[in-house]
Structure formats: structure tokens, C-alpha cells
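Structure record follows, encoded as C-alpha cells.
Throughout, read-outs are computed from the coordinates displayed, never taken from laboratory work. Small disclaimer: the values here were computed from a predicted structure and weren't measured. Cβ placement follows ideal geometry from the backbone for every residue including glycine, while neighbour counts extend to all protein chains displayed.
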Amino acid sequence: MTTDLPDIDPSVQNALRELMQDDYRLLVETFLNDALRRLTDLREALLAGRWDAFRQSAHSFRGSCGNMGALALERTCSIAERAGLERDATAAEGALVELELLHARIVPLMRSRLDI
């Protein structure tokens, strides 16, 4: 299911850095911590069969990813959201696994941007 989109849109990150200035580090750290919480929420909702909660978590996570320019995560959140809406456990599990892989990939990329 791996997406062909880049992990991060550098133009979004550059705009955020310019806009947030000294608070850019806090923004990135907040996003990364929030992403971990959202992945946990998604996993728990999936395991419990709480489809509305799964869809809502995927939807919220998609918005955060879009705001941060995390393109591949954003697209995969859309897939997860659709799986939740359709109550498709197989698609939801596949999307969640992909989200976890993409998250693991994006963490070092985002942290490296803090040193630019």
C-alpha cells in the first residue's frame, strides 16, 4: 500500500518555520507526540471494533498531517478513514500498519529539520 507521495513537503515545512519562528520546534515536537497518541487511539479503536472512533481518529490525524505537510501520512489517513467508514477490518489493519511504518520513517526526517 506504500504511497508514491513524498514523506514531507519541504515547502510546507519552510512556510511553517517562517511563520512559527522560535515556536517551530514546539510545533514539530507536538505533532510527533500527537501522532503517537493518534496511532495508539487508532489501534485501540480497531481492536475494539469501534468504527466511528477509528474513522474520527483517522480524520483528525489526516488534518494534522495535512497541516504539517506530511503527505504520505495524510494520504494513508484518508485510506484509514474510508476503511473505518466502511467497517472494513482488513483495510483498516493494512492502513494502520502503513501509518505506523510511515510514522517511523517521518520521525527522523522531522527531527532533522529542527537542526536546519
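Taking into account only those residues within region 75-96 that are of a type outside the set (S, T, N, Q) and in contact (Cβ under 8 Å) with a residue 60 or more places away in the chain, which is farthest from residue 14 (Cα to Cα)? Before you say what the answer is, go through the steps one by one.
Looking only at region 75-96, we keep the residues that are of a type outside the set (S, T, N, Q), and these are 75, 77, 79-89, 91-96.
Subset that is in contact (Cβ under 8 Å) with a residue 60 or more places away in the chain: 75, 79, 94-95.
Details: 75: 21, 79: 27, 94: 31, 95: 28 Å.
Looking at the filtered set, the residue picked out is 94.
Pairs only if they're at least six apart or on different chains, beta carbon under 7 angstrom, first in region 16-35 and under 17 Å from residue 112 (Cβ atoms), second polar (S, T, N, Q); list them, first residue then second.
Qualifying pairs under 7 Å: 31/64.
Among the residues of region 101-115, is any over 18 Å from residue 6 (Cα atoms) and in contact with a helix residue (DSSP H, G or I) (Cβ under 8 Å, 6 or more places away or on another chain)?
yes
Out of all the residues in region 60-80, which are surrounded by fewer than 21 Cβ atoms within 10 Å (Cβ to Cβ) and out of contact with any Asp or Glu (no Cβ under 8 Å at 6 or more places or on another chain)?
60, 63, 67, 75, 78
Considering only residues that are of a type in the set (D, E, K, R) and without any contact (Cβ under 8 Å) to a residue 24 or more places away in the chain, look in region 45-73 and name the one that is nearest to residue 4 (Cα to Cα). Can you show your working first?
We begin by selecting, within region 45-73, every residue of a type in the set (D, E, K, R); these are 50, 52, 55, 62.
Narrowing further to those that are without any contact (Cβ under 8 Å) to a residue 24 or more places away in the chain: 50, 62.
Details: 50: 30, 62: 17 Å.
Taking the candidates together, the pick is 62.
Does at least one position in region 23-31 carry a residue that is among the aliphatic types (A, V, I, L, M) and farther than 19 Å from residue 99 by Cα? Walk me through how you get there before you give the answer.
First pass over region 23-31, keeping only residues among the aliphatic types (A, V, I, L, M): 26-28.
Now narrow it down to the ones that are farther than 19 Å from residue 99 by Cα: 26-27.
Yes: region 23-31 contains one or more residues that are among the aliphatic types (A, V, I, L, M) and farther than 19 Å from residue 99 by Cα.
Considering only region 52-59, I want to know if a residue exists there that is surrounded by fewer than 17 Cβ atoms within 10 Å (Cβ to Cβ) and over 29 Å from residue 17 (Cα atoms). Spell out how you get there, then give the answer.
First, pick out the residues of region 52-59 that are surrounded by fewer than 17 Cβ atoms within 10 Å (Cβ to Cβ): 52-53, 56, 59.
Add one more test, that the residue is over 29 Å from residue 17 (Cα atoms), and what stays is 52-53.
For region 52-59, residues surrounded by fewer than 17 Cβ atoms within 10 Å (Cβ to Cβ) and over 29 Å from residue 17 (Cα atoms): present.
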